[in-house]
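Notes follow once the structure below has been shown.
The values are calculated or read from the model by the stated rules, or taken from the named source; none is laboratory data. For clarity, every value in this text was computed on a predicted model and none was experimentally measured. Don't worry about glycine lacking a Cβ; one is built from the backbone with ideal geometry, like all the others, and counts go over all protein chains shown.
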Amino acid sequence: MTGGQEADGIPLEMQGAYADMAALYEDVARNMTVVLDVHAGMGLVPSCSKGCDACCHQLVLSTVAEAREMAHALESLEPAPRSLVAGRIDHWLEVTGPLRHALQQANDETLDEVVDTMAAQYWQQRIPCPFLVERACILHDARPLACRQHHALGDPVHCGEADGQNVDQMEAMEDLFFLAQDAITGEDAEIGIFPELVAMLSESRHP
Ligand code: SF4
């Protein structure tokens, strides 16, 4: 058992010792249902919906395990959509080259500051995630934990505003995100920029 905790008075329980990422995501989904039900009981329903894609223009970090899951999902796509996404990944690598270069130059002392600066510049440029196709995640079932955790409350117009500071989130979802990441261990738990990790893990992504 990885453990549980109370978040906003909501009990979160992760089973732990997952056979694979599908099992982890299943457990996350089970906990998310609890969180959403409790909020619904208080009249708080997320405003997120398909086609609302502001959060898919942010810098997304993930573990290697999450990126590998996406890389496998990418291989399962039909040739046409796979080719489309592979092309978008190539374009994303090109567009984000200078930002990623700055990150590579960071050391332990400067890393947090460089990541914050990168996230701000990334957001200013509104760089779309390479998996965002027709305003929806083309591999939604394989999306990383950071994307699963995002549940905005209130007017979705705030999600597209300058710094996103006016977006109310469900705190319990954030706690669930950290519990889930804690369940990933070893080299699989190393953190990187999500699309970059997927690109590294899917070098034969072009059909
Ligand atoms: S992986 Fe999917 S949900 Fe996450 S940012 Fe990219 S398109 Fe959006």
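T117 satisfies every condition listed in (1) modelled with pLDDT under 90; (2) surrounded by 13 or more Cβ atoms within 10 Å (Cβ to Cβ) except (1). Among the residues making up the range 74-84, those that are crowded, with 16+ Cβ neighbours inside 10 Å and either within 21 Å of M21 (Cα to Cα) or within 10 Å of the ligand (Cβ to nearest atom) (or both) are L74, L77.
Looking only at the range 152-171, decide whether some residue is surrounded by 16 or more Cβ atoms within 10 Å (Cβ to Cβ), free of Cβ contacts under 8 Å to residues at least 24 places away in the same chain and more than 26 Å from H91 (Cα to Cα). So far as the range 152-171 goes, yes, one or more of its residues are surrounded by 16 or more Cβ atoms within 10 Å (Cβ to Cβ), free of Cβ contacts under 8 Å to residues at least 24 places away in the same chain and more than 26 Å from H91 (Cα to Cα). Here A71 fulfils each of the conditions (1) farther than 28 Å from P207 by Cα; (2) crowded, with 16+ Cβ neighbours inside 10 Å apart from (1). Taken over the range 100-145, the criterion of being within 13 Å of the ligand (Cβ to nearest atom), assigned to a helix (DSSP H, G or I) and either in contact with a Phe, Trp or Tyr (Cβ under 7 Å, 6 or more places away or on another chain) or not aliphatic (A, V, I, L, M) (or both) is satisfied by Y122, W123, H140, D141, L145.
Checked against the criterion of being at pLDDT 95 or above, crowded, with 16+ Cβ neighbours inside 10 Å and touching a strand residue (DSSP E or B) at 6+ places or on another chain (Cβ under 7 Å), the candidates P130, P144 yield just one match: P144. Restricting attention to the range 10-60, the residues that are of a type in the set (A, V, I, L, M, F, W, C), more than 17 Å from the chain's Cα centre (by Cα), part of a helix (DSSP H, G or I) and within 21 Å of V167 (Cβ to Cβ) total 4.
Could you tell me which residue of the range 172-199 is surrounded by the most Cβ atoms within 10 Å (Cβ to Cβ), considering only residues that are under 18 Å from H39 (Cβ atoms) and within 15 Å of the ligand (Cβ to nearest atom)? In this case the residue turns out to be M173.
Against the list (1) at positive phi; (2) in contact (Cβ under 8 Å) with a residue 60 or more places away in the chain, the condition W123 fails is (1). Among the residues of the range 1-46, those identified as over 27 Å from D168 (Cβ atoms), modelled with pLDDT under 95 and surrounded by 13 or more Cβ atoms within 10 Å (Cβ to Cβ) are T2, Q15, G16, Y18.
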